[in-house]
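Below is one structure, written out as structure tokens; comments come after it.
Read-outs: derived from the displayed coordinates by stated rules, not from any lab. Computed from a predicted structure; not experimentally measured. Please note: Cβ atoms are built from the backbone with ideal geometry, for glycine as well, and neighbour counts cover all protein chains shown.
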Amino acid sequence: MRRLFFLALVPVFYMIPFVAFSQKTHPALQPLAFLSGRWTSDSAEGQEEEYWSQVTGSSMLGTFRVLKDGDAVFYEFWVIEVEDGRAIFKMKHFDRGLVGWEEKADVVRLTLSVSDGQDVLFSKSDGSLSLRYQRNGDELVSTLRRVKDGKTKEDIFRLHRRKG
């Protein structure tokens, strides 16, 4: 009897990986699928590398780092999660050695405010900070816009898709 019970369970064990990775993508994250992959660029600041995971369930992960002469200058880690049906971009910054910039419980939070094909915009409700991603083929342009004391500063990053 034990043998029959064991044999009945064997097909279930083979199905677990498929169930775990076959989650449906939350509709709020579907417009972000074009970000997935590895993106790199060489700039005056150094080598830039950005990685976006595949959208799975109700979240998506990403990282960014800048390397100068082979050493990491700083890192960003982020997650996009669905809250109240909306995609929320949450980010933390770290120096080399994983020393955080923000306080332990603090994160930079941006809400998906515009989504049009290969173009998405995350922003704070007060307009003080926004991050736009625009994809054109194998190029991903991200524009970071900050407004402080009535002055606007923009940083533009032009990254290219890399394999592996």
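Before moving on, here are some points about what is shown:
- Only lysines eight or more places from LYS148 in sequence, or on another chain, were considered; those with a Cα closer than 28 Å are LYS90, LYS92, LYS104, LYS124.
- Helix-only [θ]222 nm of the chain, DSSP H runs n ≥ 4, -39500 (n - 2.57) each, per residue, nearest 500: -4000 deg cm²/dmol
- Residues whose amide H comes within less than 5 Å of that of THR25, counting only those at least five positions distant or on another chain, are GLY57 (H built at 1.01 Å from N in the peptide plane).
- GluC sites (Glu not before Pro), loop per DSSP, at most 14 other Cβ atoms within 10 Å - longest free stretch of the chain: 104-164
- Loop-resident sites, the stretch 17-88, for chymotrypsin sites (Phe, Trp or Tyr not before Pro), counting at most 15 other Cβ within 10 Å (DSSP): none
- In this Cβ point-charge picture (+1 for Lys and Arg, -1 for Asp and Glu), the chain has a dipole of about 600 debye about its Cα centre.
- Across the chain, Cα pairs under 8 Å and at least six residues apart give a relative contact order of 15 percent.
- Here is the list for the stretch 107-143: trypsin sites (Lys or Arg not before Pro) lying in DSSP coil, each with at most 16 other C-beta atoms within 10 angstrom of its C-beta, are LYS124.
- Cα gyration tensor shape of the stretch 31-103, rounded if a/c is under 1.5, else prolate or oblate by comparing a/b with b/c: oblate
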